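The structure appears right after this line, and notes come after that.
Rule-based calculations on the coordinates, nothing more; no lab input. These numbers come from a predicted model, not from an experiment. Backbone-built Cβ (ideal geometry, glycine too); neighbour counts: all protein chains shown.
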């Protein structure tokens, strides 16, 4: 599979690291980016071909991964349009709707949209994906293979569900880091060292997540098992419930989804 990346930032680098020598040979990976330092780093580290502008190697790709900032997408689309030959376009740009990208490309019909998250940087990401009707089954499978190079994939039947995916998993790592910050702060305030607080918080979060992933029971049941009435965990959960922590998290994620919809409206305006 020949894959061209428009943009050589962190997420593109993560995908290249997962793909090189696995799904594709390094010689079949091409990166376009105006940043010469980024191109040199990628060429040296992974052996990919590079260019500062969109050219013939993009035209010959089976998949073109659009990994640029959302605000740059319209300009990129104008440069990309002359090189399109029916290849799959796989966008990982937040907020850019398929209909808008297709319109900027003169009605192009082979576009898939994805929302990965930052754990992709260590091969543990999860990506929400959706494809327009013009994407063939082979192209859909190719898109899935590309994103599975850095983690799991979840396919959606409606593009409007990308905004909830953004709220849950796209922005989700930040919620985890935020909670870890609080755990570490509490540890220090109760007399533990910063190093001890970090080690305890990280191991607890990682272990609990793995336990939930490997268990057949709902997370609610797992929580109840460690929340004996009158015990220490009960005191903590009761305090959080009194402060409305769960509902605050739910409302925060709804706010993230709403902002995703707003970004789509703003970025897609003519």
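Points to keep in mind about this one:
- Shown is the FRET efficiency for residue 198 and residue 246, computed with R0 = 25 Å from the Cβ-Cβ distance and rounded to the nearest 0.05: 0.50.
- Residue order for 144, 217, 163, fewest other beta carbons within 10 angstrom first, comes to 217, 144, 163.
- The DSSP beta bridges internal to segment 3-157 are antiparallel in roughly 15% of cases.
- Cβ-Cβ FRET estimate between residue 41 and residue 270, R0 fixed at 22 Å, reported to 0.05: 0.05
- Our summary gives segment 3-157 a relative contact order of 21 percent, counting only alpha carbon pairs under 8 angstrom and 6 or more residues apart.
- Backbone N under 19 Å from the residue 177 label point (7 Å along Cα→Cβ), restricted to segment 1-42: 9-15
- Degrees between helix 245-267 axis and first principal axis of the chain (Cα, 0 to 90, nearest 10): 20 degrees
- Anisotropy class of the chain from Cα gyration tensor, a/c 1.5 cut: prolate
- The distance linking segment 247-270 with segment 4-46 is 30 Å (Cα centroid to Cα centroid, whole angstrom).
- Cα gyration tensor shape for segment 122-270, rounded if a/c is under 1.5, else prolate or oblate: prolate
- Segment 98-112 versus segment 144-219: alpha-carbon centroid distance in Å: 33 Å
- The chain: antiparallel DSSP beta bridges as a percent of all, rounded to 5: 15 percent
- Per residue, the average separation of C-alpha pairs within less than 8 Å and at least 6 apart gives the chain a relative contact order of 15 percent.
- Cα gyration tensor shape for segment 55-214, rounded if a/c is under 1.5, else prolate or oblate: prolate
- A Förster radius of 45 Å combined with the Cβ-Cβ distance from residue 158 to residue 185 puts the calculated FRET efficiency at roughly 0.70.
- Contact order normalised by residue count of segment 172-263, Cα under 8 Å, 6+ apart, percent: 12 percent
- Virtual spin-label span in nm between residue 205 and residue 81, 7 Å along Cα→Cβ: 4.5 nm
- Ordering of 125-135, 73-83 by burial proxy (mean other Cβ atoms within 10 Å per residue, highest first): 125-135, 73-83
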